[in-house]
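The values are calculated or read from the model by the stated rules, or taken from the named source; none is laboratory data. Remember, predicted model here, so these are calculated numbers, not experimental data. With ideal geometry, Cβ positions are generated from the backbone for all residues, glycine too; neighbour counts draw on all protein chains shown.
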Amino acid sequence: MGRGRELRGFMNMRLSIKAACRGKRGTSGLIPRRIAPIRRGLRQQNRQLARKIQLFGTSRCLDAKRKVIERRRAGLAVYDFGLGEAKGGINGEFAEAGKQSLAAGRTEYVDPQGLLELRRQIISWLGVERNYGPQNVCVSVGAKQAIFNILLAICDPGDTVLYDAAPWVSYIPMTYCAGLIPQCVSPKYPEANYLKISSSDLERAINRHRNARIFLLNSPCNPSGQIYSAGELNELIEVCIRNRIFFALDRLYWKTVFDGYSFPEPVINEVSEPWIIQIDGLSKNWRSLGGLRVGWSVGSEDLTRAATNIQSHITSGTATVGQYVALEALTKEYDWEMRDDLQEKRDLMFSVANDIPGLKAFPTAAAFYSFWDVRAYFGSHAPNGKLIAGSDDLAEYLLNSAGVVVLPGTAFKQEGYLRLCFHTAKSEIQEGMLAVRAAIEDLC
Ligand code: PLP
(Lines give C-alpha, C1' and ligand atoms only; values in the text may rest on other atoms or scores of the structure.)
Protein backbone atom coordinates (compact mmCIF):
# COMPACT_ATOMS: atom_id res chain seq x y z
CA MET A 1 0.00 0.00 0.00
CA GLY A 2 1.35 3.46 -0.88
CA ARG A 3 2.06 5.87 2.00
CA GLY A 4 -0.84 8.19 0.94
CA ARG A 5 -3.43 5.42 0.88
CA GLU A 6 -2.13 3.98 4.11
CA LEU A 7 -2.48 7.38 5.79
CA ARG A 8 -6.01 7.93 4.36
CA GLY A 9 -7.08 4.50 5.61
CA PHE A 10 -5.71 5.34 9.04
CA MET A 11 -7.58 8.70 9.13
CA ASN A 12 -10.85 7.06 8.01
CA MET A 13 -10.56 4.53 10.75
CA ARG A 14 -9.98 7.23 13.37
CA LEU A 15 -13.11 8.99 12.08
CA SER A 16 -15.18 5.79 12.38
CA ILE A 17 -14.00 5.32 15.92
CA LYS A 18 -14.95 8.91 16.73
CA ALA A 19 -18.41 8.38 15.16
CA ALA A 20 -18.92 5.16 17.08
CA CYS A 21 -17.97 6.89 20.32
CA ARG A 22 -20.24 9.90 19.79
CA GLY A 23 -22.76 10.18 22.61
CA LYS A 24 -21.27 7.24 24.46
CA ARG A 25 -18.65 9.06 26.41
CA GLY A 26 -19.09 8.76 30.13
CA THR A 27 -21.45 5.79 30.01
CA SER A 28 -18.75 3.39 31.18
CA GLY A 29 -14.98 3.10 31.39
CA LEU A 30 -15.06 0.13 29.00
CA ILE A 31 -14.70 0.36 25.23
CA PRO A 32 -18.20 -0.01 23.70
CA ARG A 33 -18.59 -3.43 22.10
CA ARG A 34 -19.10 -2.14 18.57
CA ILE A 35 -15.87 -0.11 18.79
CA ALA A 36 -13.58 -2.97 19.83
CA PRO A 37 -13.33 -4.56 16.36
CA ILE A 38 -12.64 -1.15 14.79
CA ARG A 39 -9.85 -0.56 17.30
CA ARG A 40 -8.40 -3.97 16.54
CA GLY A 41 -8.50 -3.13 12.83
CA LEU A 42 -6.73 0.16 13.56
CA ARG A 43 -4.00 -1.62 15.48
CA GLN A 44 -3.56 -4.23 12.79
CA GLN A 45 -3.65 -1.92 9.81
CA ASN A 46 0.02 -1.02 9.94
CA ARG A 47 1.02 -4.31 11.42
CA GLN A 48 3.19 -6.35 9.13
CA LEU A 49 5.64 -9.17 9.66
CA ALA A 50 8.91 -9.29 7.75
CA ARG A 51 8.47 -10.06 4.03
CA LYS A 52 11.10 -12.79 4.26
CA ILE A 53 8.72 -14.89 6.39
CA GLN A 54 6.54 -15.33 3.31
CA LEU A 55 9.44 -16.94 1.44
CA PHE A 56 9.31 -20.25 3.32
CA GLY A 57 7.16 -22.42 5.59
CA THR A 58 8.04 -24.51 8.65
CA SER A 59 10.51 -27.39 8.16
CA ARG A 60 8.78 -30.04 6.05
CA CYS A 61 10.86 -32.74 7.73
CA LEU A 62 9.61 -31.77 11.18
CA ASP A 63 6.07 -31.41 9.76
CA ALA A 64 6.34 -35.03 8.61
CA LYS A 65 7.03 -36.12 12.20
CA ARG A 66 3.96 -34.20 13.36
CA LYS A 67 1.81 -36.04 10.78
CA VAL A 68 3.12 -39.39 12.02
CA ILE A 69 2.28 -38.53 15.63
CA GLU A 70 -1.21 -37.29 14.68
CA ARG A 71 -2.00 -40.45 12.69
CA ARG A 72 -0.73 -42.73 15.46
CA ARG A 73 -2.84 -40.84 18.01
CA ALA A 74 -5.90 -41.23 15.78
CA GLY A 75 -5.23 -45.00 15.52
CA LEU A 76 -4.57 -44.79 11.74
CA ALA A 77 -2.06 -46.91 9.84
CA VAL A 78 1.25 -45.16 9.34
CA TYR A 79 4.53 -46.11 7.67
CA ASP A 80 7.05 -43.50 8.66
CA PHE A 81 9.65 -42.70 6.00
CA GLY A 82 9.48 -38.97 6.69
CA LEU A 83 11.85 -37.25 9.10
CA GLY A 84 15.51 -38.29 8.82
CA GLU A 85 16.08 -39.28 12.39
CA ALA A 86 18.68 -41.74 13.72
CA LYS A 87 16.17 -43.85 15.65
CA GLY A 88 16.66 -46.62 18.13
CA GLY A 89 17.26 -45.65 21.77
CA ILE A 90 20.21 -43.88 23.34
CA ASN A 91 23.35 -45.82 24.29
CA GLY A 92 23.28 -46.49 28.08
CA GLU A 93 26.73 -45.01 28.71
CA PHE A 94 25.82 -41.79 26.93
CA ALA A 95 22.64 -41.52 29.00
CA GLU A 96 24.70 -42.10 32.16
CA ALA A 97 27.11 -39.29 31.19
CA GLY A 98 24.13 -36.94 30.86
CA LYS A 99 22.69 -38.04 34.20
CA GLN A 100 26.05 -37.61 35.92
CA SER A 101 26.51 -34.13 34.57
CA LEU A 102 23.11 -33.18 35.99
CA ALA A 103 23.79 -34.91 39.32
CA ALA A 104 27.11 -33.10 39.63
CA GLY A 105 25.35 -29.78 38.97
CA ARG A 106 27.25 -29.16 35.75
CA THR A 107 24.44 -27.01 34.44
CA GLU A 108 26.06 -23.61 34.61
CA TYR A 109 26.76 -21.39 31.61
CA VAL A 110 29.94 -22.49 29.88
CA ASP A 111 32.24 -20.95 27.28
CA PRO A 112 29.96 -20.00 24.33
CA GLN A 113 32.49 -21.66 22.04
CA GLY A 114 31.82 -24.97 23.83
CA LEU A 115 33.59 -26.99 26.53
CA LEU A 116 37.32 -27.04 25.91
CA GLU A 117 37.58 -30.83 26.44
CA LEU A 118 34.75 -31.39 23.95
CA ARG A 119 36.40 -29.17 21.34
CA ARG A 120 39.64 -31.12 21.81
CA GLN A 121 37.75 -34.36 21.35
CA ILE A 122 36.04 -33.07 18.17
CA ILE A 123 39.45 -32.46 16.64
CA SER A 124 40.50 -36.05 17.24
CA TRP A 125 37.05 -37.42 16.21
CA LEU A 126 37.50 -35.74 12.83
CA GLY A 127 41.19 -36.72 12.70
CA VAL A 128 42.25 -33.16 11.84
CA GLU A 129 44.92 -32.67 14.55
CA ARG A 130 47.53 -31.76 11.96
CA ASN A 131 45.65 -28.68 10.84
CA TYR A 132 43.43 -27.62 13.70
CA GLY A 133 43.17 -27.28 17.47
CA PRO A 134 40.31 -26.49 19.88
CA GLN A 135 40.55 -22.81 18.89
CA ASN A 136 39.19 -23.83 15.48
CA VAL A 137 35.99 -25.43 16.82
CA CYS A 138 32.69 -23.80 17.69
CA VAL A 139 30.10 -26.06 19.37
CA SER A 140 26.56 -25.03 18.46
CA VAL A 141 22.87 -25.78 18.92
CA GLY A 142 22.87 -28.61 16.37
CA ALA A 143 24.48 -28.51 12.94
CA LYS A 144 21.70 -26.08 12.05
CA GLN A 145 23.11 -23.31 14.17
CA ALA A 146 26.64 -24.07 13.03
CA ILE A 147 25.49 -23.45 9.44
CA PHE A 148 23.54 -20.33 10.34
CA ASN A 149 26.53 -18.89 12.24
CA ILE A 150 28.68 -19.41 9.18
CA LEU A 151 26.21 -17.69 6.86
CA LEU A 152 26.08 -14.72 9.22
CA ALA A 153 29.82 -14.65 9.81
CA ILE A 154 30.81 -14.68 6.15
CA CYS A 155 28.06 -12.81 4.32
CA ASP A 156 26.57 -9.35 4.38
CA PRO A 157 22.89 -8.83 3.54
CA GLY A 158 22.25 -9.26 -0.17
CA ASP A 159 25.18 -11.63 -0.78
CA THR A 160 24.57 -14.89 -2.59
CA VAL A 161 25.05 -18.41 -1.22
CA LEU A 162 25.43 -21.32 -3.62
CA TYR A 163 24.03 -24.79 -2.88
CA ASP A 164 24.12 -28.04 -4.75
CA ALA A 165 21.25 -29.22 -6.93
CA ALA A 166 19.04 -30.70 -4.21
CA PRO A 167 19.64 -28.59 -1.09
CA TRP A 168 18.60 -29.95 2.29
CA VAL A 169 15.27 -28.40 3.41
CA SER A 170 16.54 -25.77 5.83
CA TYR A 171 19.43 -24.29 3.83
CA ILE A 172 17.25 -21.95 1.82
CA PRO A 173 15.04 -20.76 4.69
CA MET A 174 18.20 -20.05 6.73
CA THR A 175 19.65 -18.11 3.83
CA TYR A 176 16.55 -15.91 3.65
CA CYS A 177 16.57 -15.44 7.44
CA ALA A 178 20.12 -14.11 7.15
CA GLY A 179 19.02 -11.64 4.44
CA LEU A 180 20.94 -13.53 1.75
CA ILE A 181 20.08 -14.89 -1.67
CA PRO A 182 20.19 -18.66 -2.24
CA GLN A 183 21.09 -20.08 -5.65
CA CYS A 184 21.29 -23.76 -6.56
CA VAL A 185 23.98 -25.00 -8.90
CA SER A 186 22.35 -27.03 -11.68
CA PRO A 187 24.17 -30.05 -13.02
CA LYS A 188 24.55 -30.06 -16.80
CA TYR A 189 23.72 -33.78 -16.88
CA PRO A 190 21.44 -34.31 -13.84
CA GLU A 191 20.51 -37.92 -14.59
CA ALA A 192 24.02 -39.14 -15.35
CA ASN A 193 25.43 -38.49 -11.92
CA TYR A 194 22.34 -38.66 -9.68
CA LEU A 195 22.16 -34.87 -9.30
CA LYS A 196 25.79 -34.48 -8.23
CA ILE A 197 27.39 -31.34 -9.62
CA SER A 198 30.78 -31.08 -11.29
CA SER A 199 33.47 -28.43 -10.96
CA SER A 200 32.44 -26.96 -14.33
CA ASP A 201 28.81 -26.72 -13.13
CA LEU A 202 30.10 -24.80 -10.11
CA GLU A 203 32.37 -22.58 -12.22
CA ARG A 204 29.39 -21.68 -14.45
CA ALA A 205 27.25 -20.79 -11.43
CA ILE A 206 30.00 -18.64 -9.92
CA ASN A 207 30.36 -16.73 -13.18
CA ARG A 208 26.61 -16.13 -13.21
CA HIS A 209 26.44 -15.02 -9.56
CA ARG A 210 29.41 -12.79 -9.04
CA ASN A 211 28.47 -11.85 -5.48
CA ALA A 212 28.45 -15.46 -4.27
CA ARG A 213 30.41 -15.68 -1.02
CA ILE A 214 30.00 -19.33 -0.04
CA PHE A 215 29.38 -22.63 -1.74
CA LEU A 216 27.82 -25.06 0.73
CA LEU A 217 28.03 -28.72 -0.21
CA ASN A 218 26.25 -31.51 1.61
CA SER A 219 28.14 -34.76 1.21
CA PRO A 220 26.91 -37.42 2.00
CA CYS A 221 23.82 -35.79 0.63
CA ASN A 222 20.42 -35.53 2.22
CA PRO A 223 18.18 -36.13 0.19
CA SER A 224 19.90 -37.91 -2.72
CA GLY A 225 22.04 -40.38 -0.73
CA GLN A 226 25.06 -39.60 -2.94
CA ILE A 227 28.63 -38.92 -1.82
CA TYR A 228 31.36 -36.95 -3.58
CA SER A 229 34.62 -38.78 -4.17
CA ALA A 230 37.92 -37.28 -2.96
CA GLY A 231 38.68 -36.17 -6.52
CA GLU A 232 35.27 -34.53 -7.05
CA LEU A 233 35.43 -32.85 -3.66
CA ASN A 234 38.86 -31.39 -4.12
CA GLU A 235 38.06 -30.12 -7.62
CA LEU A 236 35.08 -28.23 -6.18
CA ILE A 237 37.30 -26.79 -3.44
CA GLU A 238 39.85 -25.65 -6.03
CA VAL A 239 37.16 -23.82 -7.98
CA CYS A 240 36.06 -22.04 -4.80
CA ILE A 241 39.58 -20.99 -3.84
CA ARG A 242 40.37 -19.81 -7.36
CA ASN A 243 37.25 -17.65 -7.23
CA ARG A 244 37.83 -16.49 -3.65
CA ILE A 245 34.67 -17.98 -2.21
CA PHE A 246 34.34 -20.04 0.96
CA PHE A 247 33.69 -23.77 0.78
CA ALA A 248 31.43 -25.10 3.54
CA LEU A 249 31.15 -28.87 3.80
CA ASP A 250 28.17 -30.25 5.69
CA ARG A 251 29.45 -33.76 6.49
CA LEU A 252 26.79 -34.64 9.05
CA TYR A 253 26.28 -38.21 7.70
CA TRP A 254 29.97 -38.97 7.24
CA LYS A 255 30.03 -42.19 9.29
CA THR A 256 27.18 -43.70 7.28
CA VAL A 257 28.95 -44.64 4.07
CA PHE A 258 28.13 -48.05 2.58
CA ASP A 259 29.74 -50.88 0.62
CA GLY A 260 33.11 -50.74 2.40
CA TYR A 261 33.86 -47.13 1.39
CA SER A 262 34.75 -44.39 3.83
CA PHE A 263 34.28 -40.64 3.84
CA PRO A 264 36.81 -38.85 1.61
CA GLU A 265 38.44 -36.07 3.60
CA PRO A 266 38.93 -32.68 1.96
CA VAL A 267 42.58 -31.69 1.56
CA ILE A 268 43.47 -29.08 4.15
CA ASN A 269 46.72 -27.21 3.56
CA GLU A 270 48.04 -23.67 3.81
CA VAL A 271 46.17 -22.61 0.71
CA SER A 272 42.82 -24.27 1.40
CA GLU A 273 42.65 -23.81 5.20
CA PRO A 274 41.40 -20.20 5.16
CA TRP A 275 38.56 -21.09 2.76
CA ILE A 276 37.20 -24.38 4.18
CA ILE A 277 34.68 -24.84 6.99
CA GLN A 278 33.35 -28.24 8.00
CA ILE A 279 30.06 -28.85 9.75
CA ASP A 280 29.25 -31.94 11.75
CA GLY A 281 27.28 -32.93 14.84
CA LEU A 282 25.67 -35.56 17.03
CA SER A 283 22.34 -35.97 15.26
CA LYS A 284 22.98 -38.55 12.55
CA ASN A 285 25.91 -40.77 13.51
CA TRP A 286 24.49 -42.14 16.77
CA ARG A 287 21.02 -43.33 17.66
CA SER A 288 18.57 -40.91 19.26
CA LEU A 289 20.88 -37.98 19.94
CA GLY A 290 19.24 -35.45 17.56
CA GLY A 291 17.16 -33.87 20.31
CA LEU A 292 20.24 -33.01 22.37
CA ARG A 293 20.99 -30.32 19.78
CA VAL A 294 24.76 -30.54 19.58
CA GLY A 295 26.61 -29.65 16.39
CA TRP A 296 29.93 -28.00 15.55
CA SER A 297 31.91 -26.22 12.92
CA VAL A 298 35.65 -26.52 12.34
CA GLY A 299 37.47 -23.90 10.32
CA SER A 300 39.93 -21.04 10.42
CA GLU A 301 40.43 -19.25 13.71
CA ASP A 302 39.02 -15.87 12.66
CA LEU A 303 35.86 -17.47 11.27
CA THR A 304 35.47 -19.59 14.42
CA ARG A 305 35.82 -16.46 16.56
CA ALA A 306 33.16 -14.71 14.46
CA ALA A 307 30.78 -17.70 14.75
CA THR A 308 31.33 -17.79 18.52
CA ASN A 309 30.76 -14.06 18.79
CA ILE A 310 27.44 -14.42 16.93
CA GLN A 311 26.17 -17.36 18.94
CA SER A 312 27.28 -15.81 22.23
CA HIS A 313 24.56 -13.21 21.59
CA ILE A 314 21.89 -15.55 20.26
CA THR A 315 21.99 -18.82 22.23
CA SER A 316 25.13 -18.64 24.42
CA GLY A 317 25.96 -22.05 22.96
CA THR A 318 24.19 -25.36 23.41
CA ALA A 319 23.01 -26.97 26.68
CA THR A 320 25.84 -28.13 28.96
CA VAL A 321 24.29 -31.58 29.54
CA GLY A 322 24.25 -32.28 25.80
CA GLN A 323 27.91 -31.31 25.59
CA TYR A 324 28.82 -33.88 28.25
CA VAL A 325 26.90 -36.56 26.36
CA ALA A 326 28.73 -35.51 23.18
CA LEU A 327 32.05 -35.79 25.00
CA GLU A 328 31.20 -39.33 26.07
CA ALA A 329 30.05 -40.33 22.55
CA LEU A 330 33.15 -38.94 20.89
CA THR A 331 35.52 -40.47 23.41
CA LYS A 332 34.15 -44.02 23.03
CA GLU A 333 35.30 -46.15 20.14
CA TYR A 334 32.78 -45.72 17.33
CA ASP A 335 30.35 -48.61 16.98
CA TRP A 336 29.61 -49.42 13.33
CA GLU A 337 26.50 -51.42 14.23
CA MET A 338 24.11 -48.71 13.01
CA ARG A 339 25.86 -48.31 9.64
CA ASP A 340 25.72 -52.09 9.06
CA ASP A 341 22.07 -52.25 10.06
CA LEU A 342 21.29 -49.36 7.70
CA GLN A 343 23.07 -51.03 4.83
CA GLU A 344 20.70 -54.01 5.10
CA LYS A 345 17.71 -51.67 5.27
CA ARG A 346 18.98 -49.76 2.27
CA ASP A 347 19.22 -53.00 0.28
CA LEU A 348 15.75 -54.05 1.35
CA MET A 349 14.12 -50.77 0.34
CA PHE A 350 16.07 -50.51 -2.91
CA SER A 351 15.17 -54.00 -4.12
CA VAL A 352 11.45 -53.58 -3.41
CA ALA A 353 11.30 -50.04 -4.81
CA ASN A 354 12.98 -50.93 -8.06
CA ASP A 355 10.46 -53.69 -8.54
CA ILE A 356 7.57 -51.20 -8.63
CA PRO A 357 6.77 -50.47 -12.29
CA GLY A 358 7.68 -46.91 -13.32
CA LEU A 359 9.73 -46.14 -10.23
CA LYS A 360 13.47 -45.48 -10.44
CA ALA A 361 15.34 -45.40 -7.13
CA PHE A 362 18.82 -43.84 -6.90
CA PRO A 363 21.41 -46.29 -5.57
CA THR A 364 22.10 -44.94 -2.08
CA ALA A 365 25.85 -44.73 -1.44
CA ALA A 366 25.63 -43.03 1.97
CA ALA A 367 23.24 -41.46 4.54
CA PHE A 368 19.83 -43.06 5.11
CA TYR A 369 17.63 -41.90 2.28
CA SER A 370 16.19 -43.53 -0.77
CA PHE A 371 15.54 -40.96 -3.50
CA TRP A 372 12.97 -41.95 -6.09
CA ASP A 373 12.36 -40.60 -9.55
CA VAL A 374 8.56 -40.72 -9.77
CA ARG A 375 7.97 -38.63 -12.87
CA ALA A 376 6.38 -41.62 -14.61
CA TYR A 377 3.27 -41.18 -12.42
CA PHE A 378 2.68 -37.51 -13.12
CA GLY A 379 -0.50 -36.98 -15.12
CA SER A 380 -2.19 -40.08 -13.66
CA HIS A 381 -5.23 -39.99 -11.37
CA ALA A 382 -6.02 -41.34 -7.91
CA PRO A 383 -9.10 -43.63 -7.62
CA ASN A 384 -11.09 -40.58 -6.39
CA GLY A 385 -10.25 -38.78 -9.66
CA LYS A 386 -7.64 -36.42 -8.20
CA LEU A 387 -4.86 -35.56 -10.63
CA ILE A 388 -1.30 -36.42 -9.59
CA ALA A 389 0.35 -33.39 -11.09
CA GLY A 390 3.60 -33.48 -9.14
CA SER A 391 5.51 -34.84 -6.15
CA ASP A 392 3.41 -32.89 -3.62
CA ASP A 393 0.25 -34.58 -4.94
CA LEU A 394 1.90 -37.99 -4.94
CA ALA A 395 3.18 -37.58 -1.35
CA GLU A 396 -0.28 -36.48 -0.22
CA TYR A 397 -1.92 -39.38 -2.04
CA LEU A 398 0.43 -41.94 -0.43
CA LEU A 399 -0.29 -40.46 2.98
CA ASN A 400 -4.06 -40.31 2.65
CA SER A 401 -4.59 -43.58 0.83
CA ALA A 402 -1.92 -45.78 2.42
CA GLY A 403 -0.61 -43.97 5.52
CA VAL A 404 2.85 -43.75 3.96
CA VAL A 405 4.77 -40.65 5.04
CA VAL A 406 7.38 -39.45 2.52
CA LEU A 407 8.81 -36.08 1.56
CA PRO A 408 8.13 -34.62 -1.89
CA GLY A 409 11.09 -33.56 -4.02
CA THR A 410 9.80 -29.97 -3.92
CA ALA A 411 11.05 -29.80 -0.30
CA PHE A 412 14.54 -30.08 -1.85
CA LYS A 413 13.94 -27.94 -4.94
CA GLN A 414 13.73 -31.08 -7.08
CA GLU A 415 10.29 -31.64 -8.52
CA GLY A 416 9.96 -35.17 -9.89
CA TYR A 417 11.25 -37.06 -6.84
CA LEU A 418 10.28 -38.45 -3.45
CA ARG A 419 12.60 -38.92 -0.48
CA LEU A 420 12.14 -41.86 1.88
CA CYS A 421 14.13 -42.29 5.09
CA PHE A 422 14.87 -45.97 5.74
CA HIS A 423 16.09 -45.47 9.32
CA THR A 424 13.20 -47.53 10.66
CA ALA A 425 12.28 -51.14 11.49
CA LYS A 426 12.67 -53.72 8.69
CA SER A 427 9.05 -54.77 9.18
CA GLU A 428 7.93 -51.18 8.61
CA ILE A 429 9.96 -51.06 5.39
CA GLN A 430 8.46 -54.36 4.18
CA GLU A 431 4.86 -53.46 5.00
CA GLY A 432 5.23 -49.84 3.92
CA MET A 433 6.64 -50.85 0.53
CA LEU A 434 3.69 -53.20 -0.02
CA ALA A 435 1.37 -50.28 0.79
CA VAL A 436 3.26 -47.99 -1.63
CA ARG A 437 3.08 -50.60 -4.38
CA ALA A 438 -0.66 -51.13 -3.90
CA ALA A 439 -1.33 -47.38 -3.91
CA ILE A 440 0.72 -46.87 -7.07
CA GLU A 441 -1.02 -49.75 -8.80
CA ASP A 442 -4.35 -48.01 -8.05
CA LEU A 443 -3.33 -44.96 -10.07
CA CYS A 444 -4.92 -44.76 -13.51
N1 PLP B 1 22.43 -30.76 7.59
C2 PLP B 1 21.79 -31.80 7.05
C3 PLP B 1 22.19 -32.29 5.71
C4 PLP B 1 20.73 -32.43 7.73
O5 PLP B 1 20.12 -33.49 7.18
C6 PLP B 1 20.35 -31.92 8.99
C7 PLP B 1 19.23 -32.52 9.73
O8 PLP B 1 18.44 -33.27 9.21
C9 PLP B 1 21.06 -30.83 9.51
C10 PLP B 1 22.09 -30.27 8.79
C11 PLP B 1 20.71 -30.27 10.86
O12 PLP B 1 21.21 -31.09 11.85
P13 PLP B 1 20.98 -30.85 13.41
O14 PLP B 1 19.77 -31.63 13.77
O15 PLP B 1 22.22 -31.33 14.06
O16 PLP B 1 20.77 -29.39 13.58
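Among the residues of region 188-209, those identified as at pLDDT 95 or above, part of a loop (DSSP other than H, G, I, E, B) and either of a type outside the set (Ser, Thr, Tyr) or more than 19 Å from Val267 (Cβ to Cβ) (or both) are Tyr194, Leu195, Lys196, Ile197, His209. In the set (1) small (Gly, Ala, Ser); (2) more than 21 Å from Leu55 (Cβ to Cβ); (3) surrounded by fewer than 24 Cβ atoms within 10 Å (Cβ to Cβ), the condition left unmet by Ala146 is number (3). For Ile53, the criteria (1) at pLDDT 90 or above; (2) more than 16 Å from the ligand (Cβ to nearest atom); (3) under 24 Å from the mean Cα position of the chain (by Cα); (4) not in a helix (DSSP H, G or I) hold in every case but one, which is (4). When Leu342, Leu394, Leu348 are checked against the criterion of being assigned to a helix (DSSP H, G or I) and either over 26 Å from Asn285 (Cα atoms) or polar (S, T, N, Q) (or both), Leu394 stands alone in meeting it.
Per-residue answers, yes or no, for (1) within 23 Å of Leu55 (Cβ to Cβ); (2) in contact with a Cys (Cβ under 6 Å, 6 or more places away or on another chain); (3) crowded, with 20+ Cβ neighbours inside 10 Å:
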site: Gly390; (1), (2), (3): yes, no, no
site: Ala395; (1), (2), (3): yes, no, yes
site: Leu399; (1), (2), (3): no, no, yes
site: Val405; (1), (2), (3): no, no, yes
site: Leu420; (1), (2), (3): no, no, yes
site: Thr424; (1), (2), (3): no, no, yes
site: Ile429; (1), (2), (3): no, no, yes
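The condition of being modelled with pLDDT of 95 or more and either among the charged types (D, E, K, R) or over 17 Å from Thr304 (Cβ atoms) (or both) holds for Ala86.
Of all residues in region 58-83, those satisfying the criterion of being modelled with pLDDT under 90, outside any helix (DSSP H, G or I), touching a helix residue (DSSP H, G or I) at 6+ places or on another chain (Cβ under 8 Å) and not hydroxyl-bearing (Ser, Thr, Tyr) are Ala77, Leu83. A count restricted to region 315-350 and to residues that are closer than 13 Å to Met433 by Cα and in contact with a strand residue (DSSP E or B) (Cβ under 9 Å, 6 or more places away or on another chain) stands at 3. Counting only residues that are within 16 Å of the ligand (Cβ to nearest atom), of a type in the set (D, E, K, R) and closer than 20 Å to Glu333 by Cα, region 265-301 holds 3 of them. Kindly check whether there is at least one residue in region 92-101 that is among the hydroxyl-bearing types (Ser, Thr, Tyr) and more than 21 Å from Ile310 (Cα to Cα). For region 92-101, residues among the hydroxyl-bearing types (Ser, Thr, Tyr) and more than 21 Å from Ile310 (Cα to Cα): present. Restricting region 88-129 to residues that are basic (Lys, Arg) and either in contact with a helix residue (DSSP H, G or I) (Cβ under 8 Å, 6 or more places away or on another chain) or touching a residue at least 24 places away in the same chain (Cβ under 8 Å) (or both), the residue that is surrounded by the fewest Cβ atoms within 10 Å (Cβ to Cβ) is Arg106.
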